[in-house]
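Undergrad: Take a look at this one; I'll ask things after.
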Number of protein chains: 2
Amino acid sequence: MEVKKDMGRKPETINVNTEYKNFPMVPRVVFGRGSFDQLGAILMPRRKHSEAPFIFLVDDVFENTELAKRIPLIFNDQIIFISAEEEPKTTQVDVLVDKIKAEFGELPSGIVGIGGGTLLDLAKAVAILLTNNGSSSDYQGWDLVHKPAVFHAGIPTISGTGAEVSRTTVLLGPEKKLGINSDHTTFDQVLLDPDLTQGVSKEQWFYTGMDCYIHCIESLTGTYLNAFSQSYGEKALELCKEVYLGSLSPEESRDKLMMASWHGGMSIAYSQVGVAHAMSYGLGYLLGVKHGIGNCLVFQHLEEFYPEGVALFHEMRQKHDIALPQGVCANLSDADFETMISVAMNMVPLWENALGKNWRETITPEKLRSIYEKI
Amino acid sequence: MEVKKDMGRKPETINVNTEYKNFPMVPRVVFGRGSFDQLGAILMPRRKHSEAPFIFLVDDVFENTELAKRIPLIFNDQIIFISAEEEPKTTQVDVLVDKIKAEFGELPSGIVGIGGGTLLDLAKAVAILLTNNGSSSDYQGWDLVHKPAVFHAGIPTISGTGAEVSRTTVLLGPEKKLGINSDHTTFDQVLLDPDLTQGVSKEQWFYTGMDCYIHCIESLTGTYLNAFSQSYGEKALELCKEVYLGSLSPEESRDKLMMASWHGGMSIAYSQVGVAHAMSYGLGYLLGVKHGIGNCLVFQHLEEFYPEGVALFHEMRQKHDIALPQGVCANLSDADFETMISVAMNMVPLWENALGKNWRETITPEKLRSIYEKI
């Protein structure tokens, strides 16, 4: 969620409003089926000494599984299993940081997140808060982190969020759902092993992949785009189409969806999401609806804004026989609707990207309520 | 020029031969028309102190131009203008390193390369040799560099080589033309300003863009490919087609060719080039033919290996009215041919990628001579 301005034109004078982001990329990436077995060797040179452990934050669906046994524990390394049932919270980050600080005499060698967007975002946030004082909620916003995080690595076990490559970690705070957007957020190392996504349920696979698809539709049709982000977004979109509408082998499909997520995440460098993400933030904040499914719930009703993208979405949904939940907003009060609408309308850069500077002419509280009521 | 093995299959046991490369990506990139004006601000936090200069290695076509005046010199920073008429040499690197060491009391804050592949490769090599003893020829090969280089930034002024993103710097040494392939070779910062490519002649624009195009054809049809490299290669190829066969505005065309080069360079992570590059190395070694034009000279005669790719190449060449030099090998002696053939046949990973393990059944000295004779 970067605020980007005037990306398309050449600045006449140096001015903070016309500066191009100096985008941080993940400095190390390994890709390959079975590459998870290289994790021990990859982490070894990052170990400060035997008393400074690696802490593995792992989705608790992997507790007592083969994958958990393959985590290369040595010395006093620790695995912390965490449920990804709910979106990551600032309070959760703060508790984890306090626990790690209390348990070990010094900073860990690093944090490794293994899981979906929730676990990856938690790993990023914990790594930041281990070296930056205060609560994680203090850092929600743009470029508020000033000290480098401890080394942190991300290993996705589901594809689509782009969390493995982005410079944000989106957290549900006491007052807002907002990312810690900073150059220190980006992972120092990412390991992409498509085999790890084998056990994902069809529904999860669909909703999380659609996070990438919807993100591409929003950024490619947005007003903030430049050639850098366009090229990544187009490739991600193409790969999504191959995966959800083509006839790939399961292995190829896992490979390609992992790359779609990667390129989709990169495309955010100089682009921005749009209507679905803005409204999905409202659903997430009020009801705890997870990001992937929340995007789908909103996007299905956005023909007005993204006619081709929504048509293709329905084609993919039907092909994979996905029934979206219904009546999600059926029993909400006026106050509930107002809360969601207020959260959504606060996402100014997203609306500007989708509809331009005059977005308020189209987007009114009534308009948003009418869409939320369909969900 | 990475040696990659068994990229497509899952390793049963951990084994150096089945390891996936932990690929170093450029950790910072800025993209945008006019972004060159941000260079001063980008370098500022990298300055060690006022006595440790930035050394700018700049293509001498920019001497006395507007661009040279825009280089943000402060303190004792220095510009060294260098001709890119010839391919970069190990002796040239060694002389530059000695000069910089003699002139300044301590290591510079960093090296900035501004130019095409030659200048970018020189900048990488000089940065490495400032902290690693001996001659640059000692490091030609794979993973022979053990100490981190000084900070180095790359700013391409022509698109296509991929040198801005690769982990190699290809140098002509006393005995061989070979890259310094290492994790320390990759730039710490890249600035992509498509406006800088405005003054390139049509011929240079074509030959250098074809470096990217040919590289994509070779890697996408090769045996070493995996989904990571395929996705980057496909995008680069698509962008090349838009640029050379589409009808883009000049601005869009510069933007897209810069991104084609970037993605093409990334695709090398888990792929390899093929027949044209192998044979072009022979031409470069014996005759000093530059890489871009050398690839074109060879590739035009490779219908047998890349039928579709060569057909499209001729379409692009005709559309842009490019007349390739003829009779380049007309007056060579038998010994000359043997030298080129020997250099080319030494490129084992390239041949394996192109034709599989049994490449020697197809590629004989006679076969290569018959192709060289057409050039």
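The values are calculated or read from the model by the stated rules, or taken from the named source; none is laboratory data. Not measured: the values here are computed from a predicted model. For neighbour counting, all protein chains shown are included, and Cβ atoms are generated from backbone atoms with ideal geometry for every residue, glycine included. Remember, those area values only see protein heavy atoms, side chains included, never the ligands or the DNA or RNA. Shrake-Rupley method; radii C 1.70, N 1.55, O 1.52, S 1.80 Å.
Undergrad: Of (1) modelled with pLDDT of 95 or more; (2) under 26 Å from A:THR208 (Cβ atoms), A:PHE337 satisfies all except one. Which?
TA: Condition not satisfied by A:PHE337: (2).
Rundown of residues vs (1) touching a Ser or Thr at 6+ places or on another chain (Cβ under 6 Å); (2) in a helix (DSSP H, G or I); (3) assigned by TED's automatic domain parsing to the domain that holds A:LEU355; (4) without any contact (Cβ under 8 Å) to a residue 12 or more places away in the chain, yes/no style:
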site	(1), (2), (3), (4)
A:PHE187	no, no, no, no
A:THR208	no, yes, yes, no
A:GLU234	no, yes, yes, no
A:GLU242	no, yes, yes, no
A:SER247	no, no, yes, yes
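Undergrad: Looking at this structure, is B:SER253 free of Cβ contacts under 8 Å to residues at least 12 places away in the same chain and within 23 Å of B:THR118 (Cα to Cα)?
TA: Working: free of Cβ contacts under 8 Å to residues at least 12 places away in the same chain: yes; within 23 Å of B:THR118 (Cα to Cα): yes.
Against the criterion (free of Cβ contacts under 8 Å to residues at least 12 places away in the same chain and within 23 Å of B:THR118 (Cα to Cα)), B:SER253 qualifies.
Undergrad: If you take the residues of the range A:212-232 that are open to solvent by 10 Å² or more (accessible area, probe 1.4 Å) and touching a residue at least 60 places away in the same chain (Cβ under 8 Å), which of them is farthest from A:THR65 (Cα to Cα)?
TA: Initial filter on the range A:212-232 (open to solvent by 10 Å² or more (accessible area, probe 1.4 Å)): A:215, A:217, A:220-227, A:230.
Next, from what is left, pick out any that are touching a residue at least 60 places away in the same chain (Cβ under 8 Å): A:215, A:217, A:221-226.
On the way: A:HIS215: 32, A:ILE217: 36, A:THR221: 42, A:GLY222: 42, A:THR223: 45, A:TYR224: 44, A:LEU225: 42, A:ASN226: 44 Å.
Among residues in the range A:212-232 that are open to solvent by 10 Å² or more (accessible area, probe 1.4 Å) and touching a residue at least 60 places away in the same chain (Cβ under 8 Å), the one farthest from A:THR65 (Cα to Cα) is A:THR223.
Undergrad: Another one. Only residues that are in a loop (DSSP other than H, G, I, E, B), under 26 Å from the mean Cα position of the chain (by Cα) and either farther than 21 Å from B:GLU218 by Cβ or among the hydrophobic types (A, V, I, L, M, F, W, C) (or both): list them for the range B:328-375, please.
TA: B:VAL328, B:CYS329, B:MET347, B:ILE363, B:ILE375
Undergrad: Please verify whether B:SER159 is within 14 Å of chain A (Cβ to nearest Cβ) and within 15 Å of B:THR118 (Cβ to Cβ), treating the condition exactly as stated. Even if it seems obvious, please write down each step before you answer.
TA: Numbers: within 14 Å of chain A (Cβ to nearest Cβ): yes; within 15 Å of B:THR118 (Cβ to Cβ): yes.
In short, yes.
Undergrad: Right, another one. If we keep just the residues of the range B:117-138 that are open to solvent by 20 Å² or more (accessible area, probe 1.4 Å) and touching a helix residue (DSSP H, G or I) at 6+ places or on another chain (Cβ under 7 Å), which is nearest to B:GLU85 (Cα to Cα)?
TA: Filtering first and then ranking leaves B:SER137.
Undergrad: On the basis of being touching a residue at least 12 places away in the same chain (Cβ under 8 Å) and in contact with a strand residue (DSSP E or B) (Cβ under 8 Å, 6 or more places away or on another chain), does B:VAL298 make the cut? I'd like the intermediate steps shown before the answer.
TA: Numbers: touching a residue at least 12 places away in the same chain (Cβ under 8 Å): yes; in contact with a strand residue (DSSP E or B) (Cβ under 8 Å, 6 or more places away or on another chain): no.
Against the criterion (touching a residue at least 12 places away in the same chain (Cβ under 8 Å) and in contact with a strand residue (DSSP E or B) (Cβ under 8 Å, 6 or more places away or on another chain)), B:VAL298 does not qualify.
Undergrad: At pLDDT 95 or above, touching a helix residue (DSSP H, G or I) at 6+ places or on another chain (Cβ under 8 Å) and over 30 Å from A:SER109 (Cα atoms): is that true of A:GLU218 in this structure? Full working, then the answer.
TA: Numbers: at pLDDT 95 or above: yes; touching a helix residue (DSSP H, G or I) at 6+ places or on another chain (Cβ under 8 Å): yes; over 30 Å from A:SER109 (Cα atoms): yes.
Taking the combined requirement at face value, the residue satisfies it.
Undergrad: Among the residues that make up the range A:165-175, is at least one of them without any contact (Cβ under 8 Å) to a residue 24 or more places away in the chain and open to solvent by less than 20 Å² (accessible area, probe 1.4 Å)?
TA: Taking the range A:165-175 and keeping what is without any contact (Cβ under 8 Å) to a residue 24 or more places away in the chain, we get none.
Scanning the range A:165-175, I find no residue that is without any contact (Cβ under 8 Å) to a residue 24 or more places away in the chain and open to solvent by less than 20 Å² (accessible area, probe 1.4 Å), so the answer is no.
Undergrad: Restricting to the range A:250-289, what's the tally of residues that are of a type in the set (S, T, N, Q) and open to solvent by 10 Å² or more (accessible area, probe 1.4 Å)? So that I can check it myself, show each step before the final result.
TA: Keep residues of the range A:250-289 that are of a type in the set (S, T, N, Q), which gives A:253, A:261, A:267, A:271-272, A:280.
Subsequent filtering for residues that are open to solvent by 10 Å² or more (accessible area, probe 1.4 Å) retains A:253.
Counting residues in the range A:250-289 that are of a type in the set (S, T, N, Q) and open to solvent by 10 Å² or more (accessible area, probe 1.4 Å) gives 1.
Undergrad: Looking at (1) under 20 Å from B:ILE71 (Cα atoms); (2) out of contact with any helix residue (DSSP H, G or I) (no Cβ under 8 Å at 6 or more places or on another chain); (3) hydroxyl-bearing (Ser, Thr, Tyr), which is the only condition B:THR197 fails?
TA: In the conditions (1) under 20 Å from B:ILE71 (Cα atoms); (2) out of contact with any helix residue (DSSP H, G or I) (no Cβ under 8 Å at 6 or more places or on another chain); (3) hydroxyl-bearing (Ser, Thr, Tyr), B:THR197 misses (2) alone.
Residues checked against (1) at pLDDT 95 or above; (2) under 18 Å from the mean Cα position of the chain (by Cα):
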| residue | (1), (2) |
| --- | --- |
| A:GLY162 | yes, yes |
| A:PRO194 | yes, yes |
| A:GLY199 | no, no |
| A:GLY233 | yes, yes |
| A:GLU252 | yes, no |
| A:GLY264 | yes, yes |
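Undergrad: So is A:ALA276 under 30 Å from B:LEU192 (Cα atoms), in the same structural domain as A:ASN226 (by TED's automatic domain parsing), assigned to a helix (DSSP H, G or I) and of a type in the set (A, V, I, L, M, F, W, C) or not?
TA: Details: under 30 Å from B:LEU192 (Cα atoms): no; in the same structural domain as A:ASN226 (by TED's automatic domain parsing): yes; assigned to a helix (DSSP H, G or I): yes; of a type in the set (A, V, I, L, M, F, W, C): yes.
For A:ALA276, the condition - under 30 Å from B:LEU192 (Cα atoms), in the same structural domain as A:ASN226 (by TED's automatic domain parsing), assigned to a helix (DSSP H, G or I) and of a type in the set (A, V, I, L, M, F, W, C) - is not met.
Undergrad: Which residues, counting only those in the range B:102-116, are open to solvent by less than 40 Å² (accessible area, probe 1.4 Å) and either under 18 Å from B:LEU43 (Cα atoms) or at pLDDT 95 or above (or both)? Don't jump to the end; show me each part of the working.
TA: Initial filter on the range B:102-116 (open to solvent by less than 40 Å² (accessible area, probe 1.4 Å)): B:104, B:108-116.
Correct list: B:PRO108, B:SER109, B:GLY110, B:ILE111, B:VAL112, B:GLY113, B:ILE114, B:GLY115, B:GLY116.
Undergrad: Now a separate question. Just to verify a result, which residue in the range B:83-101, among those that are modelled with pLDDT of 95 or more and of a type in the set (Asp, Glu), is nearest to the chain's Cα centre (by Cα)?
TA: Top of the filtered list is B:ASP94.
Undergrad: Still on this structure: Looking at this structure, is A:THR65 open to solvent by less than 20 Å² (accessible area, probe 1.4 Å), out of contact with any His (no Cβ under 8 Å at 6 or more places or on another chain), of a type in the set (Val, Ile, Thr) and on the phi < 0 side of the Ramachandran plot? Walk me through how you get there before you give the answer.
TA: Numbers: open to solvent by less than 20 Å² (accessible area, probe 1.4 Å): no; out of contact with any His (no Cβ under 8 Å at 6 or more places or on another chain): yes; of a type in the set (Val, Ile, Thr): yes; on the phi < 0 side of the Ramachandran plot: yes.
No; evaluated as a whole, the condition is false for this residue.
Undergrad: Say whether the condition of being outside any helix (DSSP H, G or I), of a type in the set (Asp, Glu), open to solvent by 10 Å² or more (accessible area, probe 1.4 Å) and more than 19 Å from A:THR161 (Cβ to Cβ) is met by at least one residue in the range A:300-314.
TA: Keep residues of the range A:300-314 that are outside any helix (DSSP H, G or I), which gives A:300-306.
After this cut, where a residue has to be of a type in the set (Asp, Glu) as well, the list is A:303-304.
So of that shortlist, the ones also open to solvent by 10 Å² or more (accessible area, probe 1.4 Å) come out as A:303-304.
Cutting the leftovers down to more than 19 Å from A:THR161 (Cβ to Cβ) gives us A:303-304.
Among the residues of the range A:300-314, at least one is outside any helix (DSSP H, G or I), of a type in the set (Asp, Glu), open to solvent by 10 Å² or more (accessible area, probe 1.4 Å) and more than 19 Å from A:THR161 (Cβ to Cβ), which makes the answer yes.
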